[in-house]
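**Q** One structure, pasted below without further comment.
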Amino acid sequence: MIEWIVVDDEAEVGRTGAGILLDTIGDNPRAVLGLPTGKTPLPMYASVVERCRVENHCFRDVVTFNLDEYVGLSPSHPSSYHSYMRAVLFDHVDVDPSNVHIPDGTGLRVRQVRPDVTLDEALELECELYEEALHNRGPLEVTFLGLGRNGHIGFNEPGTPFVSRTHVISLTESTRVANSAYFSPGETPERAITVGIATILESRSIVLMAAGEGKQEAVQRLREVTISEDFPASALHRHPEVRCVVDRAAFGR
Ligand code: GLP
């Protein structure tokens, strides 16, 4: 069941998302959160950080799992999602680094203990370990999502099976073009590790955020309620508790 929450603008989408996040950790200081990257959640993180400056919110026991990371980028690469998360949230709140989980797109974590495996084998093992960590520390209480123009959630591109778990995915050309702004020409990664759709759907509740006219077509498709693997976000119709926080520009008429 999707509940639509339509607000004025991008900033309000962010404030609404931040309110849900802070209420969640207020109610349960050990909450396990699924966290997104991209442009859309930036106002949410800014609002969380801002409110943490003036109100008392404790992240110490909060556990986070990011949804995705590019293959080939080290955590220190400025365009990695590791760097993104440090810059927008983790460097500004009292989160315990041992509670933070982001897939390792280099395979190095695995190769340190299994130097015999190839890069692809290491990435497969990394996905299995990530899924295992999610299983051990989860379930996810609230997962926040952005929405790709082609309907991707996390980096689950069109055609990804709804039964998918954490896996390596080849990015579509349109996603690579959309994300090329964050990379030098010709350096946009071709692959990513993403939490799977089945894993996302196991979250107790889900908050999808979308803002701006560029998301209108994708939001429209989601409102049509045709469930198809060609449009990954449509899997959310199979979940009992989804809130879609969108601005007027994205919601359209
Ligand atoms: C990115 C991320 C997704 C994100 C989506 C939309 O590539 N991997 O998790 O939700 O695409 O991004 P944006 O918010 O920048 O439009």
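The numbers here are math on the coordinates, done by the rules we state, and not lab data. Predicted model, so just to flag it, every value in this text is computed and none were measured. Counting neighbours? That spans all protein chains shown, and the Cβs are built from the backbone with ideal geometry, glycine included.
**Q** Just to check I understand the Karplus step: with θ = phi - 60° and J = 6.51 cos²θ - 1.76 cosθ + 1.60, what whole-Hz values come out for the stretch 109-114, glycine and proline as x?
**A** Result, rounded to whole Hz: 4, 6, 5, 5, 9, 10.
**Q** So for each of 122-130, 178-186 I average, over its residues, the number of other beta carbons within 10 Å; can you give me the resulting order with the highest mean first?
**A** Descending mean neighbour count gives 122-130, 178-186.
**Q** Just to check, using Stokes-Einstein with a Kirkwood Rh over alpha carbon pairs, what's the diffusion coefficient of the stretch 82-140 at 25 °C and 0.890 mPa s in µm²/s?
**A** 192 µm²/s
**Q** Give me the three principal axis extents of the stretch 112-253 from the C-alpha atoms, as integers in angstrom, largest value leading.
**A** Here the Cα extents, ordered largest to smallest, are 56, 39, 22 Å.
**Q** Quick one: if you take sqrt(5λ) for each eigenvalue of the C-alpha gyration tensor of the stretch 176-253, what semi-axes come out, biggest first, whole angstrom?
**A** 24, 18, 11
**Q** In nm², what is the average projected area of the convex hull enclosing the Cα atoms of the chain?
**A** Computed as one quarter of the Cα hull surface, the answer is 12.8 nm².
**Q** Peptides 146-155, 107-116: what's the order by average Cβ count within 10 Å, highest mean first?
**A** Output ranking for 146-155, 107-116: 146-155, 107-116.
**Q** Something else about it: What spacing in nm lies between the two simple spin-label points modelled at Val54 and Ser170, each 7 Å away from Cα in the Cβ direction?
**A** Taking the two extended label points, one gets 5.0 nm.
**Q** Got a sec to turn the phi values of the stretch 192-204 into Karplus ³J(HN,Hα) couplings, 6.51 cos²θ - 1.76 cosθ + 1.60 with θ = phi - 60°, whole Hz, x for Gly and Pro?
**A** Working through the residues one at a time gives 8, 9, 9, 4, x, 5, 4, 5, 4, 5, 7, 4, 4 Hz.
**Q** Okay, next question. The stretch 22-94: D in µm²/s via Stokes-Einstein (Kirkwood Rh, Cα pairs, 25 °C, 0.890 mPa s)?
**A** So the translational diffusion coefficient is about 189 µm²/s.
**Q** Would you mind calculating the relative contact order of the stretch 206-253 from Cα pairs under 8 angstrom and at least 6 residues apart, reporting the percent as a whole number?
**A** The value is 61 percent.
**Q** Can you tell me, using C-alpha contacts under 8 Å and at least 6 residues apart, the relative contact order of the chain as a whole percent?
**A** 27 percent
**Q** For the stretch 169-253, what does the relative contact order come out to in percent, with C-alpha contacts under 8 Å and a separation of six or more?
**A** Normalised by residue count, the contact order of the stretch 169-253 is 32 percent.
**Q** Sorted by packing (mean other beta-carbon atoms within 10 Å per residue), highest first, where do 52-63, 25-36 land?
**A** 25-36, 52-63
**Q** Which semi-axes, in whole Å and largest first, does the equivalent ellipsoid of the stretch 50-165 have when worked out from the alpha carbon gyration tensor as the square roots of 5 times its eigenvalues?
**A** Ellipsoid semi-axes (Å, largest first): 25, 19, 15.
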